[in-house]
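K.L.:
If you scroll down you'll find the structure; I have some questions about it.
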């Protein structure tokens, strides 16, 4: 009983909790062991994924030479780049208006509307936007993907940009206005450079979310354009293979290469 009370009194020192080391180890094993298994068996020479038969990189070669995979990757990259750019521009505008706009009423309601895609189940969002496209007569699969991804990427870009604006001292902006700088000059030379870490972090987050999306892409595209997650899901339905493990490993490496600079810029002072 005394040790339990001591733990709650010194709750900041969680490492003193009995079994902390074992629980932490089990947590990381549960989290990363499946990933390590995928990476290891992506180098398996045997086509049977559960039977190790020697080291080989042929599945990576097979994945790179898979034209359907390359086409789906091209679709995903195109959609992600375009939707990220549009979503980030809209997010910057919304963040500026809702942070610096003193004459805007019902700011909390407006912020809730911007973040609404985060609060809705994705299946509900996907069906709703599919119905909207049907009413508007939008048939092009690529266009539907770009518009849908832009909609749900906006809040992911908006949150870090708004957080950066809220933590920024606006004295420099006021000084620029006192020197008769136009709003555009103030934004371009003062505000934008200061919030650029948040813009970059929001853009990278939106890009990763877009590349990773399956539910909305699968429902909205309607077979007109196949993204990488949708193609991978079709492979999973046929059974796990070393080539699928190789594809998953390549995606993990690419995600790390994107997420690392995003994390750096997000925490940069």
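K.L.:
Give me the orientation-averaged projected area of the Cα convex hull of segment 54-122, in nm², one decimal. Walk me through the intermediate numbers first.
P.N.:
Numbers: hull surface 32.1 nm².
Averaging across all directions leaves 8.0 nm² for the Cα convex hull.
K.L.:
Using the number of other C-beta atoms within 10 angstrom as an exposure proxy, rank 37, 220, 138 with the fewest first. Numbers along the way, then the final one.
P.N.:
Working: 37 12, 220 24, 138 15.
Listing 37, 220, 138 from fewest to most nearby Cβ atoms yields 37, 138, 220.
K.L.:
Quick one: order 119, 204, 168 by neighbouring beta-carbon count within 10 Å, fewest to most. Write out the running numbers ahead of the final one.
P.N.:
Working: 119 9, 204 23, 168 17.
With the sparsest Cβ surroundings first, the list reads 119, 168, 204.
K.L.:
How long are the three semi-axes of the equivalent ellipsoid of segment 207-249, in whole Å, if each is the root of 5 times an eigenvalue of the C-alpha gyration tensor, listed from largest down?
P.N.:
Numbers: eigenvalues 76, 34, 10 Å².
Result for segment 207-249: semi-axes of 19, 13, 7 Å.
K.L.:
How large is Rg over Rh for the chain, taking Rg from the Cα atoms and Rh as the Kirkwood inverse mean of 1/r across Cα pairs?
P.N.:
Details: Rg = 23.4 Å, Rh = 21.9 Å.
Here Rg/Rh amounts to 1.07.
K.L.:
On average over all directions, what projected area in square nanometres does segment 80-170 have, based on the convex hull of its Cα atoms? Kindly include the intermediate steps, with their values, before the conclusion.
P.N.:
Working: hull surface 27.0 nm².
That works out to 6.8 nm², a quarter of the Cα hull's surface.
K.L.:
Per 0.36 nm of contour for each residue apart, how much would the distance between residue 27 and residue 189 grow if the chain were fully extended, relative to their Cα-Cα spacing? Write down the numbers at each step before the final one.
P.N.:
On the way: separation 162, 0.36 × 162 = 58.32 nm, distance 4.63 nm.
That pair, residue 27 and residue 189, stretches by 53.7 nm at full extension.
K.L.:
Once the mean 1/r over all distinct Cα pairs of segment 141-230 is inverted, what Kirkwood radius in angstroms do you read off?
P.N.:
Numbers: mean 1/r = 0.0664 Å⁻¹.
About 15.1 Å for segment 141-230.
K.L.:
Kindly provide the helix-only [θ] at 222 nm of the chain, computed as the sum of -39,500 (n - 2.57) over DSSP H runs of four or more divided by all residues, to the nearest 500 deg cm²/dmol? Present the calculation step by step, with values, prior to reporting the outcome.
P.N.:
Details: 14 runs with 200 residues, N = 269.
Taken over the chain, the calculation gives -24000 deg cm²/dmol.
K.L.:
Sticking with this one: If you average the alpha carbon positions of segment 30-91 and of segment 107-141, how far apart do those two centres end up, in angstrom?
P.N.:
Rounded to whole Å, the Cα centres lie 29 Å apart.
Read-outs throughout are calculated quantities, based only on the coordinates presented, and are distinct from any laboratory measurement. Predicted model only: the values in this text are computed from it and were never measured. Note that we place each Cβ from the backbone using ideal geometry, even for glycine, and neighbour counts take in every protein chain shown.
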